[in-house]
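Derivation of every value follows stated rules applied to the coordinates shown; laboratory data play no part. Owing to the predicted nature of the structure, the values given are computational and were not obtained by experimental measurement. For neighbour counting, all protein chains shown are included, and Cβ atoms are generated from backbone atoms with ideal geometry for every residue, glycine included.
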Amino acid sequence: SNMQIKPSLAKSWEVSDDNLRFTFHLRTDVFFTDDACFKQGRGRKLTARDVQYSFSRIMDKSTASPGAWIFNNRVDSVHAFTAVDDSTFRLTLIHPFQSILGILSMQYCSVIPKEAVDMYKTDFRRHPVGTGPFSFVAWEEGQALILKKNLQYFETDASGNRLPYLDGIAVSFHDSKATEFLEFQQNRLDFIDDIDPSFKDEVLTKTGNLKKNWRDKIELHKHPYLNIEYLGILVDEKNELVQHSPLRIQKIRQAINYGFDRRKMMLYLRNSIGIAAESGFVPAGLPSFDSSLVTGYHYDPAKAKQLLAEAGFADGKGLPAIKLLTIPIYGDLGTYIANELMQTGIRVEVEVVQKSLLMEQTSKSQAPFFRGSWIADYPDAENYLSVFYSRNPAPPNYTRYKNPAFDVLYERALSQQNDSLRYQLYRQMDQLVMNDAPVVPLWYDMAIHLVHKNIQQFYPNSLNLLELRRTKKQ
């Protein structure tokens, strides 16, 4: 999947000259799945009024949707959503925001019928009704989820065969990755995502391929996953912690970036699952990513030592120890980075804390140096660059980064309709961030799936969402 926006419920759309009005032309062959909430239990045709209702419901305070942020301060509060006629829907923004198309592809924007919400009320979560390739059968919370083929689904393959191919899906939930892997070994699961760390070296080589004794039994699927793992550095000069931290000095932040070997880290600690982040903050897997156009940091201990000396701390003399906050599953990475940086004269003390404490301290700007990650909410680099826009609080701007030149480019990109011009702006912003170094990119993530040989056309995407419309089981 190349993460380009494609038609689905909307077959086409156009944007007004001022970039504020998006008019969508809906398909007229889409039906909700059969459910008791409809007359005679038969699913009815989807219309623009359903889109209007579903989006308005996200913003309704009584719904208390965790997705309300996608429209807050972005859409016109009075005329946000309009059903022009049965097959035409209009969305009106307050300010230009080209990434709105990516946002409309999120799960929050699934279209649902009012009849189902009226009938099931707060229990709607146990009676979901939609228009997708599979329909809901049963859910045992924390145990299993059962879906069946939607016989009225609108999509067909190139030969005109109606999708999906599978008759149904059974999803199992396991507390233990180890148990999940054993069930997969016993053919009770067709595929699993990720592997329990205790089994990684049994299944994978250091270069991230299947070991010989597994190659006849299963297949390994690897693909870019829109997540970056990084170390964040608080750079708000008004913060007292920053004023007393050597990390306030740009050259020291750059020295840390040069001072450890990301490629060796990926090989020995990650079984090569992921790509060493030697370009920008925006990860591989997005259309705008181009490692040749954004220059990040590679392993160069001599350069790290030179920058330390230029900052007034030759060989690390006089440089106080720097504390790095991380969570238990990344303790080994913190130790690796600390050992590598020690060779250049930078002393790092790794403090392992629970995730809740790390989140609290980064949100309150109380952690000068911390491990972080950013998983894309929607497939657009703007989502990553919003992390550095100075008007954004923490989250997402955990480093409290502020650069007026960056802000100007960011605001310009929001209204740029031409993709290639917008991508140029994204790369300019990414380069500014790399130069200022409020972050230390570690790796661009990859998702892995172990799949049994009888499963065909299994194509996950870079958001790591399950995509099973075209999957077949022999």
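Each peptide among 14-25, 243-254 gets the average number of other Cβ atoms lying within 10 Å of its residues, and from highest to lowest they stand as 243-254, 14-25.
For the peptides 327-337, 148-158, residues were scored by their other Cβ atoms within 10 Å and the scores averaged per peptide; the highest-first order is 327-337, 148-158. Each Lys and Arg contributes +1 and each Asp and Glu -1, all at the Cβ; summed about the Cα centre of segment 282-345, the dipole is approximately 180 debye.
Does segment 10-120 classify as rounded, prolate or oblate by the C-alpha gyration tensor (a ≥ b ≥ c root eigenvalues; a/c under 1.5 gives rounded; else a/b over b/c gives prolate, otherwise oblate)? If you can, show how the numbers build up before the last one.
Values: a/c = 2.32, a/b = 1.44, b/c = 1.61.
Here segment 10-120 falls in the oblate category.
Between ASP419 and HIS79, the simple spin-label model (points 7 angstrom out along Cα→Cβ) gives 3.0 nm.
The lysines whose alpha-carbon is closer than 21 Å to the alpha-carbon of LYS317, local same-chain residues fewer than 8 away aside, are LYS251, LYS303, LYS305. Note on LYS217: lysines with a C-alpha under 20 Å away, same-chain residues under 8 apart excluded, are LYS177, LYS200, LYS206, LYS453, LYS472, LYS473. Ranked for footprinting exposure by Cβ neighbours inside 10 Å, fewest first, LYS402, LYS114 give LYS114, LYS402. A cut-off under 11 angstrom between Cβ atoms defines the neighbours of ASP236, and their net charge, with Lys, Arg +1 and Asp, Glu -1, is +2. The base-10 log of I(q)/I(0) for segment 225-446, evaluated at q = 0.10, 0.11, 0.13 Å⁻¹, reads -0.41, -0.50, -0.72 [Debye formula, identical scatterers on Cα atoms, solvent excluded].
Spatial offset of segment 168-193 relative to segment 438-474 amounts to 15 Å, using the alpha carbon center of each. Over the chain, DSSP H runs of length four or greater, each weighted -39,500 (n - 2.57), average out per residue to a 222 nm ellipticity of -7500 deg cm²/dmol.
Cα centroids of segment 355-382 and segment 289-334: 19 Å apart. Normalised by 2.2 N^0.38 Å, where N is the number of residues, the C-alpha radius of gyration of the chain stands at 1.07.
Where a ≥ b ≥ c are the square roots of the eigenvalues of the C-alpha gyration tensor, would you call segment 337-474 rounded, which needs a/c under 1.5, or, failing that, prolate if a/b is larger than b/c, or oblate?
Details: a/c = 2.12, a/b = 1.26, b/c = 1.69.
The shape class here is oblate.
For segment 285-375, the square roots a ≥ b ≥ c of the C-alpha gyration tensor eigenvalues yield an a/c of 1.5 or more together with a/b not exceeding b/c, which makes the shape oblate.
Using C-alpha positions alone, give me the convex hull volume of segment 78-126 per residue in cubic angstrom.
121 Å³
Dipole magnitude for the chain: about 360 debye, using +1 per Lys or Arg Cβ and -1 per Asp or Glu Cβ, origin at the Cα centre. The Cβ shell under 10 Å around ALA437 holds other residues with a net charge of +1, Lys and Arg each +1, Asp and Glu each -1.
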